[in-house]
């Protein structure tokens, strides 16, 4: 082993040990004594928001994902632009796309009423994603708590690290592996696209120029997404059950009915075909793996102990 390779291996091992130490400080019972009603207050706020806007479930799950992939699960995605902060809200993957900021703010306001300065915005995002999943029929899983909030954000990192709708399978697998997530984790998490909508510009190339797409499906999608214009027009990722958490997303992929290129590459003769096929046949396995992957994703890049802070307002540092 060369000196450079040895140094790299040592660095990765230190990161591994640091992550293990941070995980050890998280627990689903973290607020049981300091704020016992926090989780129920968050749940009430999330349920109310989704009852008013069913699409919000997908938005909150996506918000957690986009938070964790940039600097870790530290609520950096919630910070507004200032002279010293590059807001991630204006990154390419979030601008005019990410939603749910106001829902998290509402949940934070309710929690602050009962336990000021105790519950982090990062934990609220994580709980909100779980509650959103459960509300629309998805799995409810144990959320480990005890994260703290960052005092920085990075639009540059967000632009570099958030997956794009046009990426190849190899690129996606590599991107997830760098976050400590396996190809199976990636496919399970992608199953959240059983919910939500996409803008026309993100799938125009696929419905007009790709060959691995069902002809009838492409024709249907072209009705609301012309070759020119209507870039922001929304279309459901899953036409059959767009507002329910199920395994229909995987059935769609097996019929070449994935709306985004980054969806269809999961079933296109590559290494993840077998996972997609398994989830299409076994919804219970998908649900179980999705919950496990969400928990695992929630461990990325944690701030715990005395690191970071507990923001009083999620959109600004204290």
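The values are calculated or read from the model by the stated rules, or taken from the named source; none is laboratory data. Fair warning: this is a prediction, and the values are worked out from it, not measured in the lab. Don't worry about glycine lacking a Cβ; one is built from the backbone with ideal geometry, like all the others, and counts go over all protein chains shown.
For the reader, a short list of remarks on this structure follows.
- Failed item in (1) out of contact with any helix residue (DSSP H, G or I) (no Cβ under 8 Å at 6 or more places or on another chain); (2) more than 18 Å from residue 32 (Cβ to Cβ); (3) not in a helix (DSSP H, G or I), with residue 139 passing the rest: (1)
- Selection count where residues are assigned to a loop (DSSP other than H, G, I, E, B) and surrounded by 17 or more Cβ atoms within 10 Å (Cβ to Cβ), scope segment 160-172: 3
- From the list 206, 184, 175, the one residue that fits, being over 25 Å from residue 244 (Cα atoms), outside any loop (DSSP other than H, G, I, E, B), modelled with pLDDT of 95 or more and not assigned by TED's automatic domain parsing to the domain that holds residue 55, is 175.
- The set of residues in segment 207-229 that are in contact with a helix residue (DSSP H, G or I) (Cβ under 6 Å, 6 or more places away or on another chain) and either under 22 Å from residue 58 (Cα atoms) or in contact (Cβ under 8 Å) with a residue 60 or more places away in the chain (or both) comprises 221, 225.
- Restricting attention to segment 111-121, the residues that are part of a helix (DSSP H, G or I) and within 14 Å of residue 28 (Cα to Cα) add up to 0.
- So residue 157, is it in a helix (DSSP H, G or I) and modelled with pLDDT of 95 or more: yes
- Hey, residue 74 surrounded by 24 or more Cβ atoms within 10 Å (Cβ to Cβ) and either without any contact (Cβ under 8 Å) to a residue 60 or more places away in the chain or outside any helix (DSSP H, G or I) (or both) or not: yes
- Residue in segment 124-146 that is buried (at least 22 other Cβ atoms within 10 Å of the Cβ), more than 15 Å from the chain's Cα centre (by Cα) and not assigned by TED's automatic domain parsing to the domain that holds residue 242 present: yes
- Count of residues meeting criterion [part of a loop (DSSP other than H, G, I, E, B) and either on the phi > 0 side of the Ramachandran plot or within 22 Å of the chain's Cα centre (by Cα) (or both)] in segment 241-256: 8
- All positions within segment 259-272 that are touching a residue at least 24 places away in the same chain (Cβ under 8 Å) and either farther than 19 Å from residue 216 by Cβ or under 20 Å from the mean Cα position of the chain (by Cα) (or both): 259, 260, 261, 262, 263, 264, 265, 266, 270, 271, 272
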